[in-house]
1. If the viscosity is 1.306 mPa s and the temperature 10 °C, what translational diffusion coefficient in µm²/s does Stokes-Einstein give for region B:443-559 when Rh comes from Kirkwood over Cα pairs?
2. How high is the FRET efficiency between residue B:555 and residue B:434 when r is their beta carbon distance and R₀ equals 51 Å, given to the nearest 0.05?
3. Please arrange B:501, B:368 by counting, for each residue, the other beta carbons lying within 10 Å of its beta carbon, fewest first.
4. How many angstrom lie between the C-alpha centres of region B:57-79 and region B:21-36?
5. Under the Kirkwood approximation for Rh and a Cα-based Rg, what ratio Rg/Rh is obtained for region B:282-415?
6. Can you tally the net charge around residue B:272? Count Lys and Arg as +1, Asp and Glu as -1, for every other residue whose Cβ sits under 10 Å from the Cβ of residue B:272.
7. Enumerate the lysines that residue A:105 could reach by cross-link, defined here as Cα to Cα under 28 Å, with residues fewer than 8 away along the same chain left out.
8. Return, for the Cα atoms of region B:369-519, the radius of gyration and Dmax in Å, separated by a comma.
Amino acid sequence: MDPSPSPSHADDPEPRLEFFGATEADTARALFSALIPDDDPPGSPGATTARVVVYVDRTLREPSFRRFHRFVRDGLADLERLMVRDHRVQFAHAPLAPRQVMLKKFQLGQVQGARVPAATFFNVMHGLALEGFWGAPSHGGNHDMVAWKWAGIEVTCH
Amino acid sequence: MPDFSDREVDVCIVGSGAGGSPLAFELAKAGATVVVLEKGPWYTREDFVHDEISVVRRNMWVPTVQEEPHLVKTAQDPRARPSQLGWIASCVGGGTVHMGAFFYRLHPEDFAMRTRYGAIAGATHADWPIRYEDLAPFYDKVEEEIGVSGRAQGNPFEPPRTRDYPLPPLEENPLAHVIDRGARALGLHAFPTPRAILSRPYKGRAPCTYCNFCGSYGCEVDAKSSTLAALLPRAVETEKCEIRPKSMAFEVVTSDAGLVTGVRYYDEHRTAKLQRARVVCVSATAIESARLLLNSKSSRFPNGLANGSGLVGKNLSFSTLTQGSAEFELAQLDAPQRPHHRVHFLQRSMQDFYHLSDRVGGYDKGGTVNFLLPHRNPIFTAERISQRARPPLWGAPLKSALHRYYHEVRELEFEVFGEFLPNERTHVKVDDSVRDARGIPVASIEVDVHPEDARNSSILMERALAVLTAAGAHKTHRDTVAGITWVLQHGTCRFGTDPATSVLDPFCRAHEVPNLYVVDGSFMPTSGGVPTTLTIMANSFRVAAHLAERLRAGTATAP
């Protein structure tokens, strides 16, 4: 299944991304949707419904995250390069299963030829994805509180 | 609020947390002019939102590693690395603003660990120069002054007390009866946890609204009895006390005569200023108070202020952490226990393992078991569940595990506040080669849990899990053994009667400097088997009474 940008409601379009370039954004969306897939378990929200990419884009533009910029861009480029090398398909357009196989190798530090430390890149991006999925919507992710509603938790931020 | 920046005040206090605030309050009420220099900002209730990202995952409470690191070296990693470990909270009110507010007293035997256990290889524990009876009236005072809720005589192991708590215990989640069931089955004694949280209106403050976001967060209704809510406004009302936030103390200044004369600090524009004072009280946390003294060198004190003994920074102790959890299938629970309840406090503690029967005749020191519901923070929950597996879970497996967590089971957990023996491999120094963004040498901390405490932590894990198993848990998790609760820190300026083996006298006055006091956790020669916030506050009231008398008598700067 091709990952695609979040469904845009006419009255609630996804904000423009400002950190990720156009192709980077495709890779980032594919990364987050592999880390937190939609509809698995069936009926559950994932990174796409929750607009995790919006959260990460906004967070990386905060001053204290500037030192991660090179690391994140290099890591996304690594994902693309190694996916093409090993699976002859772009990460951004690959099905879920091979994306997850590649990410598993990153998690275990079992990739050859990555420029970034692979396990660290996995952990940082998974951490950001979890924040974007489970954090307050005011930060850009957990759109419409989809994650909190799925968990059945009420979180009041007054 | 007065502005004392251009004058010599009676007392300058560095730090506005559990140590500094009772002093400020009592001394201002006694008529002394007081300046409190607080490094961090002065938050108000409007800042206390339930936003996990803003409050817990960014830098609301502690400095970033880029601005101001601690250097930390542990047994697992022999290199000292920049870290955020070892901070409590840099804000007006200090750690009391975001604490979980578990307020237990030390036990009488905690004051004489050396007499009880004798020498233990590698450990540097010492008896206190005071006893429980000396501190007991001040435990009463803290409870009454700030508002602590609990029930006397619920705990057969509790230390002696002459009166009940000023407030009844907080409401509890129905799952508390699960702990009661497990305790009864094993002949143990679960009691309602005493909390520095109002269960009723008290002294003009509103009671707890059971918002379910207590620990790690500030209280938006002032029901949590932080010093920010409970003491400092009343100190300011005296018109004798100025609280100066965003003021980072970097040196305590001494005269040729060997008396302190004031504190140099950076204001929020990083301009160096001097606050002159007749008496200085350092209350910046055991780690940071030691750092300040060690950075306050002079020809008279080449190894740091009040450090002729070489002991400033040594004998650092924490609380030894044991943490575990257990899952209960919904079907095993009574109907009221199944839904997510309005009240998130479990409110059950146990001191049956304050001493371990497994180790009778040896080092038998355990601690207090605090049973809790896991924190509500959703991001933290996802990480916690993820990290139970090796390698950590992600993707659909993590989502399934979280779905199960939220919909199919209830989890209960416990944390143990265990004794942490001070030892030769746990201490703080300063590193002149590593400076913070203001140019101040940073604290360099080395830590190691003593093997005796590590061993007892393993025993405590099994004892606490047994309660949950006896209550019907179908699965248990051993999360942390021999860990460290960094926010509970003590010992770096221990008190005692002998200047060769202590930095401070029994009233927390530096042996070598008659008008210098250190009033936070630094004074404690041993940590005890409880979280020490209540003890730090009680001692601060005790020292305040003594110092107020000296100020009245005009002897505060005399030897």
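Coordinate-derived values only; no laboratory data. It should be emphasised that the depicted structure is a prediction, and the values quoted were computed from it without experimental measurement. For neighbour counting, all protein chains shown are included, and Cβ atoms are generated from backbone atoms with ideal geometry for every residue, glycine included.
1. Details: Rh = 17.2 Å.
For the chosen part, D equals 93 µm²/s.
2. Details: r = 41 Å, r/R0 = 0.80.
The calculated FRET efficiency here is 0.80.
3. Values: B:501 14, B:368 26.
Arranged by neighbour count, lowest to highest, B:501, B:368 become B:501, B:368.
4. Cα centroid of region B:57-79 versus Cα centroid of region B:21-36: 33 Å apart.
5. Working: Rg = 22.8 Å, Rh = 19.4 Å.
Ratio of gyration radius to Kirkwood radius for region B:282-415: 1.17.
6. Working: positive: B:264, B:270, B:273, B:438; negative: B:251, B:267.
Within the 10 Å Cβ shell, the charges total +2.
7. Within the straight-line limit of under 28 Å, residue A:105 reaches these lysines: B:399.
8. Final numbers for Rg and Dmax: 21.6, 64 Å.
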